[in-house]
1. State which residue pairs qualify: first residue free of Cβ contacts under 8 Å to residues at least 60 places away in the same chain and surrounded by 16 or more Cβ atoms within 10 Å (Cβ to Cβ) and inside the range 171-194, second residue part of a loop (DSSP other than H, G, I, E, B) and among the polar types (S, T, N, Q) in any location, beta carbons under 7 Å apart, and separation of 6 or more residues or different chains.
2. Condition test on Leu84, is it under 19 Å from Cys225 (Cβ atoms), in a loop (DSSP other than H, G, I, E, B) and either among the aliphatic types (A, V, I, L, M) or over 16 Å from the mean Cα position of the chain (by Cα) (or both)?
3. Could you identify the single residue in Tyr228, Tyr245, Tyr209 that is aromatic (Phe, Trp, Tyr) and within 27 Å of Ala133 (Cβ to Cβ)?
4. With the condition being among the hydrophobic types (A, V, I, L, M, F, W, C), I'd like the helices (runs of 4 or more DSSP H) fully within the range 1-57 carrying at least 2 qualifying residues.
5. Quick check on the range 215-235: of everything there that is at negative phi and at pLDDT below 95, which residue is least open to solvent (accessible area, probe 1.4 Å)?
6. Starting from the range 97-114, take each residue that is closer than 18 Å to Ser152 by Cα and list its partners that are open to solvent by 30 Å² or more (accessible area, probe 1.4 Å) and in a loop (DSSP other than H, G, I, E, B), counting only C-beta distances under 6 angstrom and pairs at least six apart or across chains.
Amino acid sequence: MTHPPFLTVHRGTAPLVISLPHTGTDIPPELEADLVSPWLARKDCDWWIEQLYDFAAGLGASVVRTAISRTVIDVNRDPSGVSLYPGQATTELCPTTTFDGEPLYKEGRTPDVAARRAAFFEPYHASLAGEIAAAREVHGTVVLYDCHSIRSVIPRLFEGTLPELDLGTNAGASCAPELEAALAALCRGTGRSFVSNGRFKGGYITRQYGRPEAGVHAVQMELACRVYLAEALGAVGPDNWPTPYEPAYAGALRDSLITLFKTLIGFARARA
């Protein structure tokens with residue numbers, strides 16, 4: 001399968017597929033011209049997550065990543081436009097505001113949702129579905145792990161400060177209960193604040209591909225940025241966001257994530 005240049009796809013040997021849908025910062029120049037500010041357009045990126053998880057391929061995982069910014073199109077939203085969190089503040093398939101509610105587009109400019117869906121959304125999902133199918137064919141059972149992060153304090157989206165580790169399994173529907181229980185035990189064992197299916201229950205990717213009855217177990221991990229970055233809590237601006245990635249600061253969490261990935265692989269192999 002030929003992949004467009006904005007996609008990085010690595011096929012591994014383990015029954016684990018890693019999705020990196022929100023780490024991209026690329027915005028085509030013709031689209032950036034419609035935006036209020038390049039910094040605002042990249043503000044809600046899952047900063048440095050591809051570096052935090054760069055051990056995945058070494059463990060044998062398949063990895064799918066888009067370089068395209070979520071402001072261009074969010075590949076973790078329902079393409080029909082249906083909200084994943086009815087009644088709660090969120091952003092769209094082609095976001096028109098930041099998480100904080102700031103307008104992304106200049107007056108009179110609007111995104112061409114259909115064109116962006118065809119150009120960027122559909123190739124990502126074709127590649128992701130292809131890697132899941134390939135792993136499923138070899139191993140019988142596969143785990144899809146969807147990688148995310150978010151600032152710890154965003155009053156428009158949630159009250160107070162987000163727990164450090166936020167596991168989403170679509171309220172238990174996207175993976176086997178014993179897998180969710182094992183991951184929860186690992187997360188609690190780190191001593192960090194943790195919640196399962198709290199404010200973030202899993203986005204479109206988790207809900208679309210998680211079919212445990214068919215051998216595909218999907219989970220989302222939403223990391224509060226402070227758990228791996230020296231995050232400035234509260235309001236941010238170009239002078240303090242994003243915080244640089246420091247391997248030493250992220251090291252303890254990274255070790256925990258390596259253990260978690262080994263658990264995912266072990267679970268899938270046991271099921272095979």
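The values are calculated or read from the model by the stated rules, or taken from the named source; none is laboratory data. Keep in mind that what you see is a predicted model, and the values were worked out from it rather than measured. Reconstructed Cβ throughout: ideal geometry from the backbone, glycine too, with neighbour counts over all protein chains shown. Please note that ligands, DNA and RNA were not included when accessible areas were found on the heavy atoms of the full protein model with its side chains. Shrake-Rupley method; radii C 1.70, N 1.55, O 1.52, S 1.80 Å.
1. Cys175/Thr169; Glu180/Thr169
2. no
3. Unique residue meeting the criteria: Tyr209.
4. Correct list: 38-42, 49-52.
5. Among residues in the range 215-235 that are at negative phi and at pLDDT below 95, the one least open to solvent (accessible area, probe 1.4 Å) is Ala232.
6. Pairs that qualify, where the first residue is closer than 18 Å to Ser152 by Cα and the partner is open to solvent by 30 Å² or more (accessible area, probe 1.4 Å) and in a loop (DSSP other than H, G, I, E, B), are Asp100/Arg156; Gly101/Arg156.
For (1) closer than 20 Å to Gly168 by Cβ; (2) open to solvent by 50 Å² or more (accessible area, probe 1.4 Å); (3) touching a strand residue (DSSP E or B) at 6+ places or on another chain (Cβ under 8 Å), each residue gets a yes or a no:
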site: Asp54; (1), (2), (3): no, yes, no
site: Val63; (1), (2), (3): yes, no, yes
site: Ala67; (1), (2), (3): no, no, yes
site: Val82; (1), (2), (3): yes, yes, no
